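First the structure, in the form of structure tokens, and then the observations on it.
The values are calculated or read from the model by the stated rules, or taken from the named source; none is laboratory data. The structure presented is a predicted model; accordingly, all values stated were derived computationally and were not measured. For neighbour counting, all protein chains shown are included, and Cβ atoms are generated from backbone atoms with ideal geometry for every residue, glycine included.
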Amino acid sequence: MTGQIHFDSHVHTVTEQACKLVNALTPGHDGTRPVQPPPAGGRARVVGDLLARPDYQPRVEEADADGMVALAESLRVVFEAAAGGDLDTAATAVNALMREMGSVPQLDRARGGGWALHFHGRDPGLVIGWGAGIAAGLALAIGSDLAGRLGVCQADPCDRVFVDTSKNAGRRFCSTRCQSRVKAAAHRARQR
């Protein structure tokens, strides 16, 4: 055992997917580099790449991609509120998303046998399907002792989001690049 915190595999999958969507589809900064959502007309390819797995290659239309951008903006609110310790706002935002998406629990056959709890939307569309699962996964995290594991990078001006799976819940940065940048700046400041 590594000592890392293990989210339920479905919760881990959808919360990590939420991070990918927020980080790629919302404006802000990745490290010191400004980030803008992909332009209209190019979003479908980006969203398709974000959602793809070896066993899943979604067909993404531009309207789906626009819906995923809107979903990512809603998810950013959840991460920012949770990272700031405002779980009331995070819970309110997640509840609104679950209502909007029509999140419904369902037992599905798991790979390798057995059953796994998944959440499906009120219709089989891409945005509703992913939105329902992500919203329910975030609800399970926020409604448990994992709420403090939803983070926003603390390396100013970076605002990329992450899920902290470390043993001590001490992660503060979205990447080792941001962590190194902050540590190097602190070291230089001490040398002055």
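Here are the numbers for this structure:
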{"item": "All positions within region 48-58 that are in a loop (DSSP other than H, G, I, E, B) and either in contact with a helix residue (DSSP H, G or I) (Cβ under 6 Å, 6 or more places away or on another chain) or modelled with pLDDT of 95 or more (or both)", "result": "58"}
{"item": "Criterion violated by residue 82 - all others in (1) touching a Cys at 6+ places or on another chain (Cβ under 9 Å); (2) under 27 Å from residue 183 (Cα atoms); (3) of a type in the set (A, V, I, L, M, F, W, C) satisfied", "result": "(1)"}
{"item": "In region 108-132, residue surrounded by the most Cβ atoms within 10 Å (Cβ to Cβ) [restricted to those that are over 20 Å from residue 47 (Cα atoms) and of a type in the set (A, V, I, L, M, F, W, C)]", "result": "119"}
{"item": "Tally, over region 133-151, of residues that are in contact (Cβ under 8 Å) with a residue 12 or more places away in the chain and either more than 11 Å from the chain's Cα centre (by Cα) or surrounded by fewer than 24 Cβ atoms within 10 Å (Cβ to Cβ) (or both)", "result": "12"}
{"item": "Top-ranked residue of region 9-30 - restricted to ones that are touching a residue at least 60 places away in the same chain (Cβ under 8 Å) and of a type in the set (D, E, K, R), ranked as nearest to residue 107 (Cα to Cα)", "result": "16"}
{"item": "Number of the condition not met by residue 99 [criteria: (1) surrounded by fewer than 16 Cβ atoms within 10 Å (Cβ to Cβ); (2) of a type outside the set (S, T, N, Q); (3) at pLDDT 95 or above; (4) not in a helix (DSSP H, G or I)]", "result": "(4)"}
{"item": "Region 31-44: number of residues that are in a helix (DSSP H, G or I) and free of Cβ contacts under 8 Å to residues at least 24 places away in the same chain", "result": "1"}
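Conditions tested, residue by residue: (1) crowded, with 21+ Cβ neighbours inside 10 Å; (2) in contact (Cβ under 8 Å) with a residue 40 or more places away in the chain; (3) not in a strand (DSSP E or B).
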residue	(1), (2), (3)
46	no, no, yes
63	no, no, yes
66	no, no, yes
72	yes, yes, yes
81	yes, no, yes
92	no, no, yes
106	no, no, no
